[in-house]
1. Quick one: grab the alpha carbon gyration tensor of segment 63-117, order the square roots of its eigenvalues as a ≥ b ≥ c, and give me rounded if a/c is under 1.5, else prolate or oblate depending on whether a/b is larger than b/c.
2. Stretch Leu111-Lys86 to full length: gain in nm at 0.36 nm per residue minus the Cα-Cα span?
3. If we count every other residue with Cβ under 13 angstrom of Tyr90's Cβ, Lys/Arg +1 and Asp/Glu -1, where does the sum land?
4. HN-Hα J couplings of segment 80-91 from phi, Karplus 6.51/-1.76/1.60, θ = phi - 60°, integer Hz, Gly and Pro as x?
5. Find out how many positive minus negative residues lie around Val32, taking Lys and Arg as positive, Asp and Glu as negative, among other residues whose Cβ is under 14 Å from that of Val32.
6. Which of rounded, prolate or oblate describes segment 26-112 when judged by the alpha-carbon gyration tensor and an a/c cut-off of 1.5?
7. Whole-Hz ³J(HN,Hα) for each residue in segment 102-117, computed from phi via Karplus 6.51 cos²θ - 1.76 cosθ + 1.60 with θ = phi - 60°, x for glycine and proline: what do you get?
8. Could you list which residues have their amide H under 5 Å from that of Val96, counting only those 5 or more apart in sequence or on another chain, with H placed in the peptide plane?
Amino acid sequence: MTVDVAQPGFSTTDEALGLRSWQLGPGQPTQVTDQFPAEDLHLIVDDRADVHISSKDGRFYLGWFPTGRPGTDGVGWQIAVTGTAKVRGYDISFGVETPADIVAAAVARVLETSPHL
C-alpha cells in the first residue's frame, strides 16, 4: 500500500517541499522467502505460522513472525549471520509493518555477499 501525504489543492507547496508517497504496510512475504533455493536452505513453518529459514551450515537465519516475534516489541523479521572465532556476526530486525520488499532488498544483499565455497 502507498500512502500519499499530499493534500488536494497544495500541489505547488507539495512540490516545493519535496513531499513523496511512501510505501507502508507489510506487503507480500513471498518477496523475501522466494529468494531462497530449496537445495541451499532449510525451511520450517512452526505451529504459530512463523517461518524460519536457515542455511545448511547454520550460519544464516531468517525468521518471519507475522504477528510479532514472541518476547520482542513488534519484531516481524529477524536476520542473523553468525560470526567466527575471530569475527563477530550480526543481526538485523525489522518491524511487523516493514514492507516486504525492503526486507527482501536487505536479504538479497546478505546473500550477494556470501559466495559458495
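1. On the way: a/c = 3.17, a/b = 1.52, b/c = 2.08.
Note, shape of segment 63-117 comes out oblate.
2. Working: separation 25, 0.36 × 25 = 9.00 nm, distance 2.12 nm.
Using 0.36 nm per residue and subtracting the Cα-Cα distance, I get 6.9 nm.
3. Details: positive: Arg59, Arg88, Arg109; negative: Asp91.
Computed value for this residue: +2.
4. Rounded to whole hertz, the list is 9, 10, 6, x, 10, 5, 10, 10, 6, x, 8, 9.
5. So the environment of Val32 carries a net charge of -2.
6. Working: a/c = 1.44, a/b = 1.30, b/c = 1.11.
Cα axes put segment 26-112 in the rounded bin.
7. Each residue's phi maps through the Karplus curve to give 6, 5, 4, 5, 5, 5, 4, 5, 4, 5, 4, 8, 10, x, 5, 8 Hz.
8. HN-HN under 5 Å from Val96: Gly76.
Every number in this text was worked out from the coordinates using simple rules, so none of it is lab data. In this text the structure is predicted, and so the values were computed from the model without any measurement. A quick note on method: Cβ atoms are made from the backbone with ideal geometry, for glycine too, and the neighbour counts reach across all protein chains shown.
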